[in-house]
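The block underneath contains the structure these notes are about, expressed in structure tokens.
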Amino acid sequence: MAPTKEDFAVLLRLQKADKDLDALRAKIAEVPEDVAAIRLEIEEESGKHAAVYAKSREVQARKKDRENSMAQKEELIRKHQRDLNQVKSNEAFKALLKEIDDEKAAVGDLETVILELMDEAEAVRKEEAGIKAQIDGFVKEREGHIAELEAKKTDLENELAQWEEGRRKIFDSLPADLAAFYDKTRERRAGVGVSQLKENTCSECKMTQPPQAVVNVKKGIVIVTCDSCQRILVLAEGAPA
Ligand SMILES: [Zn+2]
């Protein structure tokens, strides 16, 4: 079926619909990328907890170690106190008493260290709680943003379905061979299958068209393609016929 002038005007509308559709699809495609970027932010933020957690474990380990040492010293003191009864010489008795005194002093030192470590553990615990609250707040805010983006994506997808339906109607109103040729050209020419002829020039590639092509485009009864970019030439909107 030979195309009419009206068909070429419709073709221009189809081209516009496709351009809008492409922009909408690009917008939808951005959402998963944005979500992935936010998930990475969440992961990085959550990683902040690891350092303070490691510190907390390290303080606990040091405290445990000192407690074990203290228990060993106390055990030794008890043993040496029992040994006092079996000692025969005065010198040996005095030496053992001295040892017990030293051990008691060591226990006292360890007690001090353990108390300090308890304070340190408490400080770390507070720090940990602070960081956790900060992370939780951040994660909550970012998760909220993700939910917003996903809701927006759903809206856009619904919009896309409507636009696609509109596009299909325009497409179906065209002669089948013209519509098919348009689709093929659009596919080959980076999504743009139609070019407006403005002052005898292809508006896509800026190539001046031969006079016969210009005449044919103005008549609008045959398909004319640009010699240079191969797009379907259509008389520019508002141009004198
Ligand atoms: Zn061209």
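What follows is calculated from the coordinates using simple rules that are stated; it is not laboratory data. In this text, all values refer to a predicted model and were calculated from it rather than measured experimentally. Reconstructed Cβ throughout: ideal geometry from the backbone, glycine too, with neighbour counts over all protein chains shown.
Per-residue ellipticity at 222 nm from helix content only, as computed over the chain with -39500 (n - 2.57) for each DSSP H run of at least four residues, stands at -28500 deg cm²/dmol. Roughly how far apart, in whole Å, are the Cα centres of the range 150-222 and the range 1-57? Each part reduced to its Cα centre gives a spacing of 24 Å. In the chain, the ratio of gyration radius to Kirkwood radius, Rg to Rh, stands at 1.61 when only Cα atoms are counted.
For the range 1-117, the convex hull drawn through the C-alpha positions has a volume of 117 cubic angstrom per residue.
With θ taken as phi - 60° and the Karplus curve 6.51 cos²θ - 1.76 cosθ + 1.60 applied, the whole-hertz 3J(HN,Hα) list for the range 27-44 is 5, 5, 5, 5, 4, x, 5, 5, 5, 4, 5, 5, 4, 5, 4, 4, 4, 5 Hz, x standing for glycine and proline. Coupling constants for the range 210-217 follow from the phi torsions by the Karplus curve (6.51 cos²θ - 1.76 cosθ + 1.60, θ = phi - 60°), and in residue order they are x, x, 4, 4, 4, 4, 5, 4 Hz; glycine and proline get x. Sequentially through the range 106-119, phi angles give Karplus couplings (6.51, -1.76, 1.60; θ = phi - 60°) of 4, 4, x, 4, 5, 4, 4, 4, 5, 4, 4, 5, 5, 4 Hz, Gly and Pro residues having no value and appearing as x. Cross-link pairs exceeding 27 Å in C-alpha to C-alpha distance, out of K153/K198; K27/K184; K64/K126; K169/K219; K184/K219; K5/K184, comprise K153/K198. Helix 176-188 and the long axis of the chain differ in direction by around 40°, with both axes built from C-alpha atoms. Largest mean-square fluctuation among N158, N90, N216, in a Gaussian network model of the chain whose springs join Cα atoms under 10 Å apart, belongs to N90.
The lysines within cross-link reach of K94, meaning a Cα-to-Cα straight distance under 27 Å and a gap of 8 or more places when in the same chain, are K73, K79, K104. Counting charges near T112 (Lys, Arg +1; Asp, Glu -1) among other residues having Cβ under 12 Å from its Cβ returns a value of -3.
Amide hydrogen proximity for L235: with H placed 1.01 Å from N in the peptide plane, the residues at 5 or more positions away or on another chain lying under 5 Å are L197. Taking GluC sites (Glu not before Pro) in DSSP loop conformation with at most 12 other Cβ atoms inside 10 Å as exposed sites, the chain has its longest uninterrupted site-free stretch at 1-198.
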